[in-house]
1. Based on the mean of other beta carbon atoms within 10 Å per residue, what is the order of 23-29, 56-62, most packed first?
2. Give me the orientation-averaged projected area of the Cα convex hull of segment 13-74, in nm², one decimal.
3. What list do you get for Ser41, Ser80 if you sort them by fewest beta carbons within 10 Å?
4. Once you charge only the Cβ atoms, +1 for Lys and Arg and -1 for Asp and Glu, what is the size of the charge dipole of segment 3-73 about its Cα centre, to the nearest 20 debye?
5. Per 0.36 nm of contour for each residue apart, how much would the distance between Glu27 and Glu55 grow if the chain were fully extended, relative to their Cα-Cα spacing?
6. For Thr18, Thr73, Thr44, what's the fewest-to-most ordering of other Cβ within 10 Å of each Cβ?
7. Counting only C-alpha contacts under 8 Å and six or more residues apart, can you give the relative contact order of segment 3-73 as a whole percent?
8. Order by neighbour count: Asp68, Asp78, fewest other Cβ atoms within 10 Å first, most last.
Amino acid sequence: MGPELHFRREAAAIYPKTDVQEWFEYEGGRPYHFKLYIDLSNETGSEARPWHVLEKVNFYKSLRSHLDRLEFTIQPKDPSILRLGGCAAAHIRSRRTRSASRVQSA
C-alpha cells in the first residue's frame with residue numbers, strides 16, 4: 001500500500017465524505033500538489049476535528065507533496081431562508097405644478 005492510498009484511507013476514516021484531487025485531476029495543478037475537499041454535512045464533532053485532519057495530512061503525505069487547498073463544505077438538511085433587513089423604500093419626490101396648486105387652493 002503506497003502513501004497515497006494510505007493517506008486517502010486516513011482522511012476517509014475521519015470524514016467519510018472526503019475527496020482528494022491530485023495535481024493532474026484539476027486545472028492548473030502542479031506536480032506533487034493536491035487538493036482536499038471534505039463534506040461536513042450531517043457530521044457532529046468538536047472544533048478540533050478539522051485540525052486533526054490537517055495533522056493527518058501533514059503526517060501521511062510525502063515531503064515533496066504540497067496541499068493546495070483544504071475545503072470544508074456544509075449542506076443544510078432542510079431548506080434555509082435568508083432574511084435581510086435594511087431600507088428598501090423608494091424615495092419619491094413630489095413637485096407642485098401650477099395647475100396642481102390652483103386645484104388645491106380652489
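1. Working: 23-29: 10.9, 56-62: 13.9.
The most tightly packed comes first, giving 56-62, 23-29.
2. Values: hull surface 17.6 nm².
In nm², the orientation-averaged hull projection of segment 13-74 is 4.4.
3. Working: Ser41 10, Ser80 6.
Result, fewest neighbours first: Ser80, Ser41.
4. Working: 10 positive and 12 negative charges, 47 e Å.
Charge dipole of segment 3-73: 220 debye, to the nearest 20.
5. Details: separation 28, 0.36 × 28 = 10.08 nm, distance 2.62 nm.
Length gained between Glu27 and Glu55: 7.5 nm.
6. Numbers: Thr18 17, Thr73 10, Thr44 6.
So the ranking, lowest neighbour count to highest, is Thr44, Thr73, Thr18.
7. Values: 85 pairs, mean separation 27.9, N = 71.
Contact order relative to length: 39 percent.
8. Working: Asp68 14, Asp78 5.
Least crowded to most crowded, the residues run Asp78, Asp68.
FYI, it's all coordinate maths here, none of it is from the lab. Keep in mind the model is a prediction, meaning the values are calculated, not measured. Heads up, the Cβs are rebuilt from the backbone with ideal geometry, glycines too, and the neighbour counts pull from every protein chain shown.
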